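What follows is a short report on a single structure.
The values are calculated or read from the model by the stated rules, or taken from the named source; none is laboratory data. Computed from a prediction, not measured in an experiment: that's the story for all the values here. A quick note on method: Cβ atoms are made from the backbone with ideal geometry, for glycine too, and the neighbour counts reach across all protein chains shown. Areas reflect the complete protein model, heavy atoms only, side chains present, ligands, DNA and RNA absent. Shrake-Rupley method; radii C 1.70, N 1.55, O 1.52, S 1.80 Å.
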Protein chains: 2
Amino acid sequence: MPGAPHPFDAALRLTAIGDAGDGRFAGHTSLAYANMIGPFGGITAAALLNAVLLHPARLGDPLALTLNYAGPVADGAFEIAARTARTNRSTQHWTVALTQGGETAATATAITATRRTTWSATDIACPDVPPADDVPPAAGMKRVAWTGNYDLRFVDGAFPELSGDEHRSSASRLWVRDLPPRPLDFAALTALCDIFFPRIYLRRRRFTPAGTVSMTVYFHADRALLAAQGSEPVLAAARAQHFGSGYFDQSAEVWSRDRVLLATSHQIVYYKD
Amino acid sequence: MPGAPHPFDAALRLTAIGDAGDGRFAGHTSLAYANMIGPFGGITAAALLNAVLLHPARLGDPLALTLNYAGPVADGAFEIAARTARTNRSTQHWTVALTQGGETAATATAITATRRTTWSATDIACPDVPPADDVPPAAGMKRVAWTGNYDLRFVDGAFPELSGDEHRSSASRLWVRDLPPRPLDFAALTALCDIFFPRIYLRRRRFTPAGTVSMTVYFHADRALLAAQGSEPVLAAARAQHFGSGYFDQSAEVWSRDRVLLATSHQIVYYKD
């Protein structure tokens, strides 16, 4: 008899509405992935990607995803509609939306692609950090349920005391994996790209209402690389680029245990002064 | 009597189809912005943004744009449809598509926002380069019409000889402005984010079919900053992050003459081995 599903899989569960080829799915938010208000943005991004992954017409694996957080997602049921905008020989373009009661709460575009082996090179350096086993796990943040589903091991840039002077750096580097451990796949990698608390907390050392407005993920990993990673921790790094007029942007990378680049990700985040 | 419009404005010209509030516009490709095949990606991105800018229901100015190049754009007429997915108090979410003969050639999501003055900081360093006047203009590339509409002054990472050994760096830094000079606006800034030839040319020093699949722009500039820039050159910098399995990603920044960050941008690019 199979055990209960992993909380991540339970949170991502979608049921086709009508014909599967219509690309309409019913889902439900998960309290296990609740943020301070509404769900963790990473789980929402993973849910929209999952609608593409479940679509019977899908070609290839995720190459790029842009997720726009258009409005609050209320606890409860939602619907996701994924449709192909265009299918080419080796790429497929998707538009996706999450609605609740007919109102759009998130929009996305995704590109799936068949990949083939080519010349390869990584021009950015993997952070030089100790292995995950040598870094102690962070204590969970009680007010934020979703952090309980991750083993977070900060090398630097841990959640700061929200008091004191401005800090020079907006960077964090951490080892992270799902709790309980779960083999890495495209949906989990997507969620991990949003694992970073708002950079403004690190930089200003004060509580500031903040929330991601748009996130983009570029998938460098293929299935073989994800399979090789298994359920080991990945190395995640993020830093802000510019804060101004109520928004900052952030760039991030996720590396495998063996220091192979799995994904790069960028986001723009609202903050209040 | 007014003179002929700037070629950029001519290329961006859109005519409302039916009621302006429907968000449907007719446009036409411009040979002045032709690339080797089809139009320069930057002009296509600017055209889709322009449909949002012309929409009578628009709230605020551009904050984020993701442009997906779904298929070739043929020389000739096209239609762009922009619709609001959601309007909030200070942000508005848009979905946009460019079609030709009913087939989708590009999709986009855009976010417009009203900005307000807040605490501000730039965490990345502006490249330390000589002023534009001290850098000689590059010769135009004859096979690529659109480059004739830009004054390109490479500090480093100019278009390389496509022969010889692999090169270590995929980075370019250049001063650039429209030709003839034209005051910077959101559409022109969008096009400038795609000014960089494929990084794989720099890295491998051989001709490789390549094309942008998806580009994201985060707008840090507001109208006042754009107005202060006028038609002076901007400083643009880009570099690749990872090449593999037929795609590489690139990150870029555009800085004002006064070294203020105007936009950050990222893209994922197809290449053939």
On a 0 to 90° scale, report how tilted helix B:41-54 is relative to the longest principal axis of chain B, with both axes built from alpha carbons and the result rounded to the nearest 10.
20 degrees
Note to self: C-alpha centroids of segment A:54-82 and segment B:2-18 sit apart, in Å, by 36 Å
Mean ellipticity per residue at 222 nm, deg cm²/dmol - from DSSP H runs of n ≥ 4 across the protein assembly as shown, formula -39500 (n - 2.57):
-4000 deg cm²/dmol
I'd like the interface area for chains A and B: accessible area of each alone minus the complex, both sides summed, 1.4 Å probe, protein heavy atoms only. What is it in Å² to the nearest 100?
5400 Å²
Nearest-first distances (nm) between copies at A:ALA139, label 7 Å from Cα via Cβ:
6.7
In Å², what does the accessible area per residue of chain A work out to with a 1.4 Å probe?
39 Å²
Between segment B:138-212 and segment B:95-132, the alpha-carbon center distance in angstrom:
18 Å
At 1.567 mPa s and 4 °C, Stokes D of chain B from Kirkwood alpha-carbon radius, µm² per second
68 µm²/s
Per DSSP loop assignment and a cutoff of at most 11 other beta carbons within 10 Å, chain B keeps its longest run without exposed GluC sites (Glu not before Pro) at B:1-160
Rounded to a whole number, what % of the accessible area of chain A do carbon and sulfur atoms account for, probe 1.4 Å?
52 percent
Taking 0.36 nm per residue of sequence separation and subtracting the Cα-Cα distance, how much length would be gained by fully extending the chain between A:ASP19 and A:THR87, in nm to one decimal?
22.5 nm
Starting from the Cα gyration tensor of the protein assembly as shown, take the square roots of the eigenvalues, sort them a ≥ b ≥ c, and report rounded, prolate or oblate (rounded when a/c is under 1.5, otherwise prolate if a/b is larger than b/c, else oblate).
rounded
Shortest first and in nm, the label-point separations between A:PHE207 and its counterparts in the other identical copies (7 Å out along Cα→Cβ) come to 6.2
Looking at chain A as a GNM with Cα springs under 10 Å, which of A:THR147, A:THR84, A:THR122 has the largest mean-square fluctuation?
A:THR122
Chymotrypsin sites (Phe, Trp or Tyr not before Pro), restricted to segment A:136-207: which are DSSP loop and have at most 12 other Cβ atoms within 10 Å?
A:PHE207
Spin-label zone in segment B:106-120 - amide nitrogen under 15 Å from a point set 7 Å from the Cα of B:ALA227 along the C-beta vector
B:115
For segment A:1-123: rounded, prolate or oblate by the Cα gyration tensor [a/c cutoff 1.5]:
prolate
Among rounded, prolate and oblate, which fits segment A:135-178 when a ≥ b ≥ c are the square roots of the eigenvalues of its C-alpha gyration tensor, a/c under 1.5 means rounded, and a/b larger than b/c means prolate?
oblate
